[in-house]
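A.B. asks: First the structure, which I've put down as structure tokens, then a few questions once you've had a look.
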Amino acid sequence: MFSKILIANRGEIACRVIRTARRMGIRTVAVYSEADSRALHVRLADEAVAIGSAAPRESYLSMERILEACRKTGAEAVHPGYGFLSENAAFCRLLEAAGIVFIGPKANAIEAMGDKIASKRLAAATGVNIIPGAAGAVEDAAHAGRIAGEIGYPVMIKASAGGGGKGLRVAWNESEAREGFASCVSEALTAFGDGRVFVEKFIEEPRHIEIQVLADAYGRAVSLWERECSIQRRHQKVLEEAPSPFLDEATRHAMGRQAVALALAAGYQSAGTVEFVVGKDRGFYFLEMNTRLQVEHPVTEMITGLDLVEWMIRIAAGEPLALAQSDIRREGWAMECRINAEDPFRGFLPSAGRLRRYLPPAEEPGRVRVDTGVAEGGEIPVHYDSMLAKLIVHEPTRARAIARMRASLNEFYVRGVSSNIAFQAALMQHPRFVSGDFNTGFIAQEYPHGFHSSDVIHESPAFLAAVAAVARRRYIARAVRISDQTRGMARKVDSDWVVLIGPERYAVHLDSIAGGYRVVSANERFELLTDWRFGSPLMRGTCNGQAFCVQLERIGLRFHLAHNGTEADAIVMTVRAAELLGRMKPKPKPDLSRFLLAPMPGLLTHIAVQAGQQVKTGERLAVIEAMKMENVLKAEQDATVVALLAEAGTSLTVDQPILEFK
């Protein structure tokens, strides 16, 4: 067994590998860029080596710098995590030539499975179901049209070296097939340097279901059951679960057998994932094999009780796979939500900055797990992906797993950067998700115009008003006690309040009872029992006997509340104050329409206009780069640029003015 390994990655996956290595008695080496010098994975590792600037190509993608870190520290093996160099065959060979073990598959297997056309040919030769389509790369647009006509529309045109939704088009007729071919080739050349594309049958109402496999160097391989990964936004997974609510036992076992057969045919050694697309008739077809650890691997660990990172390390160290297929259990239901630094209410724009508060739910072995790479007070840089953490739950049934996830999301408190927690909470209570009636088009179908606060209507707004009133009552009661003690005066604490939430007004009456309050709000009655203390960001307790947790932040005279995906600002006033407020004219909001404001923090990489220039609706104005995404800002109406208020190279904050118009 290795005595020291280096983790060629960052963030939550680096922390996750460190955790297993430490349990195995293996020392760890972290590598870090300038932007990550104070990151959590650097603090957790036994040793840490600086490898370059914030740009990934100068640090986490630099094979030579990582190799030099191995030499410097004496690391015997490298775990690549996922992303960066995890599926780079050249990196694998470079390490092997230096006598360092790559904790993953061999270079030949990475190459065989990394090319979609080559992997599809191997799958077909192995007896794995493949989607009807062209046997090789398409020659030109006319060839694409002929193949599509033979297969039958709709068809999918895909880049051979593609991934992340790039180089992919769906065509419903010959014209779209020809246009799609040209677009895919161009996009694939730009993104991957490989313009080969192929055409295959488009599966209607598709579900993305993948099989986890483990294989060793001695010809043994097992399936660790499936993961359902169909909830995706723009081809990026949002949440995953195991098992799938869609598969029957016969299909599940058939998919597992084919995945194992493919791994053996490829000479695979390590943990890997065989991805399938499954149609509404439960017909399943091979998509690709990911030759690395997947982001969503914890749900498999939860239902099987296995540590996949441990097995990757053991297999890389030459140990045989001491597991038979009959040993692989499948107990209960697990779900994972990816908690990202992005604002779902602003088109999922990435969010960067300092984590002012970061309080993940308490972990419970076997029930609640949080894999994270950040800590309170840390900086979320703009240079890398937006993932803050993965929240994983495990319960005996799917219904209970959903309930546990909803409760855990309520407890996940993030301030300083935006997060997608509200969106995840909305998904958890959506009727189609709860029933299991969804496919990869679910988010696009249900949120065609983006995600808005109106998509999360609280089941009881009066409950939120009651919570805000209780918090305000506690603050006033404390102020009265202090006043009584210092001035010798007796003041009355009101029992009747008015709570303003948006345009709605709620008359609230509170009576003190043992351990809390009896509250009447909008003709609803609540018995709120809580030991909430001033300043705590979470109000926990029971409401009418049911446990609850509401995120509660006092900002001046208002309370910001978050519960079950709903976020609301509440102002609690005395009855008289509310009456007087109703007589006041609302203050007009400042007119910011003449400014182009930064919708997110990031680097202003390009300004496409000049002062005095006339611009038309839809014309390109500026480009902001944040978290590996290029965001193009365009004119919303015809206008004239008066002044440039920022220059290329500026690090922008949210709502910082970039241009002024007239």
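A.B. asks: List Y153, Y384 from most exposed to least, where exposure is judged by having the fewest other Cβ atoms within 10 Å. It would help to have the intermediate numbers written out before the result.
C.D. replies: Values: Y153 15, Y384 21.
If I rank by nearby Cβ atoms, fewest first, I get Y153, Y384.
A.B. asks: Can you tell me the mean projection area, over all orientations, of the convex hull of the chain's alpha carbons? Units nm², please. It would help to have the intermediate numbers written out before the result.
C.D. replies: Numbers: hull surface 136.6 nm².
So the mean shadow area of the Cα hull is 34.1 nm².
A.B. asks: Within region 567-606, report the trypsin sites (Lys or Arg not before Pro) that DSSP leaves as loop and that have at most 15 other Cβ atoms within 10 Å. Kindly include the intermediate steps, with their values, before the conclusion.
C.D. replies: Working: sites: R576, R583, R594; in loops: R583, R594.
Listed in order of number, the matching sites are R583, R594.
A.B. asks: Check cross-link reach from K616 to the lysines: straight Cα distance under 21 Å, and skip same-chain residues fewer than eight apart.
C.D. replies: K634, K662
A.B. asks: Quick one: if the Förster radius is 56 Å, what FRET efficiency do R23 and R540 give, using the C-beta to C-beta distance and rounding to 0.05? Before the final figure, lay out each step's value.
C.D. replies: Values: r = 31 Å, r/R0 = 0.56.
E between R23 and R540, to the nearest 0.05, is 0.95.
A.B. asks: Once you compute Rg and the Kirkwood Rh from C-alpha atoms, what is the Rg to Rh ratio for region 4-103?
C.D. replies: Numbers: Rg = 11.9 Å, Rh = 13.0 Å.
Using Cα coordinates only, the ratio equals 0.92.
A.B. asks: Another one. Compute and list, largest first, the equivalent-ellipsoid semi-axes of region 228-317 from the alpha carbon gyration tensor, each √(5λ) rounded to a whole angstrom.
C.D. replies: On the way: eigenvalues 95, 55, 36 Å².
Equivalent-ellipsoid dimensions as semi-axes: 22, 17, 13 Å.
A.B. asks: Mind scanning K120/K158; K201/K280; K120/K201; K166/K390; K120/K237 and naming the pairs with a C-alpha gap bigger than 20 Å?
C.D. replies: On the way: K120/K158 13 Å; K201/K280 14 Å; K120/K201 14 Å; K166/K390 25 Å; K120/K237 23 Å.
Over 20 Å Cα-Cα: K166/K390; K120/K237.
A.B. asks: Nearest 5 percent is fine: what portion of the DSSP beta bridges confined to the chain is antiparallel? List each step's numbers first, then the result.
C.D. replies: Numbers: 124 of 139 bridges.
Roughly 90 percent of the beta bridges in the chain run antiparallel, per DSSP.
A.B. asks: May I pose another question? What is the projected area of the convex hull of the Cα atoms of region 348-433, averaged over all directions, in nm²?
C.D. replies: Values: hull surface 23.6 nm².
It is 5.9 nm².
A.B. asks: What chymotrypsin sites (Phe, Trp or Tyr not before Pro) in region 520-621 are in a loop by DSSP, with at most 14 other Cβ atoms within 10 Å of the Cβ?
C.D. replies: Numbers: sites: F526, W532, F534, F548, F559, F595; in loops: W532, F534.
Sites meeting the loop and neighbour criteria: F534.
A.B. asks: Would you kindly derive the ³J(HN,Hα) couplings of region 405-413 from the backbone phi angles with the Karplus curve 6.51 cos²θ - 1.76 cosθ + 1.60 (θ = phi - 60°), listing them in order in whole Hz, with x for Gly and Pro?
C.D. replies: Ordered by residue, 3J(HN,Hα) equals 5, 4, 5, 5, 5, 4, 8, 7, 10 Hz.
A.B. asks: Quick one: order L293, L239 by neighbouring beta-carbon count within 10 Å, fewest to most.
C.D. replies: Numbers: L293 26, L239 23.
By the 10 Å Cβ count, ascending: L239, L293.
A.B. asks: Also: Taking neighbour Cβ counts within 10 Å as the exposure measure, how do D327, D494 sort from fewest upward? Could the numbers behind the result be given before it?
C.D. replies: Details: D327 10, D494 14.
Result, fewest neighbours first: D327, D494.
A.B. asks: Explain nothing, just compute: Karplus ³J(HN,Hα) = 6.51 cos²θ - 1.76 cosθ + 1.60, θ = phi - 60°, for every residue of region 230-235 in order, whole Hz, x for Gly and Pro.
C.D. replies: So the Karplus estimates, Gly and Pro as x, are 7, 7, 9, 10, 6, 6 Hz.
A.B. asks: Specify the inter-centroid distance of region 375-453 and region 239-318, based on alpha-carbon positions, in whole Å.
C.D. replies: Each part's Cα centre sits 23 Å from the other's.
A.B. asks: Let me ask something additional. So how tilted is helix 116-126 from the main axis of the chain? Cα-based, degrees 0 to 90, rounded to 10.
C.D. replies: It is inclined by approximately 60 degrees.
A.B. asks: Given all pairs of different Cα atoms, what value in angstroms does the Kirkwood hydrodynamic radius of region 132-201 take?
C.D. replies: On the way: mean 1/r = 0.0888 Å⁻¹.
Evaluated over region 132-201, this radius sits at 11.3 Å.
A.B. asks: Apply the Debye scattering formula to region 461-581, with a single equal point scatterer on each alpha-carbon and no solvent, then give log10 I(q)/I(0) at q = 0.12, 0.14 Å⁻¹.
C.D. replies: With one equal scatterer per Cα and no solvent, log10 I(q)/I(0) is -0.41, -0.56.
A.B. asks: Starting from the exponent 0.38 and prefactor 2.2 Å, build the expected Rg for region 595-661 from its residue count and divide its actual Cα Rg by it.
C.D. replies: Values: Rg = 10.9 Å, N = 67, 2.2 N^0.38 = 10.9 Å.
Ratio of Cα Rg to 2.2 N^0.38 Å: 1.00.
A.B. asks: Using just the alpha carbons, could you tell me how many Å³ per residue the convex hull of region 61-203 encloses?
C.D. replies: Details: hull volume 16.1 nm³, N = 143.
Taking only Cα atoms, region 61-203 has a hull volume of 113 Å³ per residue.
A.B. asks: What is the distance, in nm, between label points placed 7 Å from the Cα along the Cα-to-Cβ direction at L359 and at S593?
C.D. replies: Here the modelled spin labels are 4.2 nm apart.
A.B. asks: Kindly state, to the nearest 0.05, the FRET efficiency for H143 paired with R57, given R0 = 45 Å and r defined as their beta-carbon distance.
C.D. replies: On the way: r = 35 Å, r/R0 = 0.79.
Efficiency at R0 = 45 Å is approximately 0.80.
A.B. asks: When the Cα atoms of region 510-558 are enclosed in a convex hull and the volume is divided per residue, what value in Å³ results? The partial results should precede the final answer.
C.D. replies: On the way: hull volume 4.6 nm³, N = 49.
With only Cα atoms used, region 510-558 gives 93 Å³ per residue.
No value in this document is a laboratory result; all are computed from the given coordinates. Here the structure is a predicted model, which is why all the values come from computation and not from measurement. Every residue, glycine among them, receives a Cβ derived from its backbone with ideal geometry; neighbour counts consider all protein chains shown.
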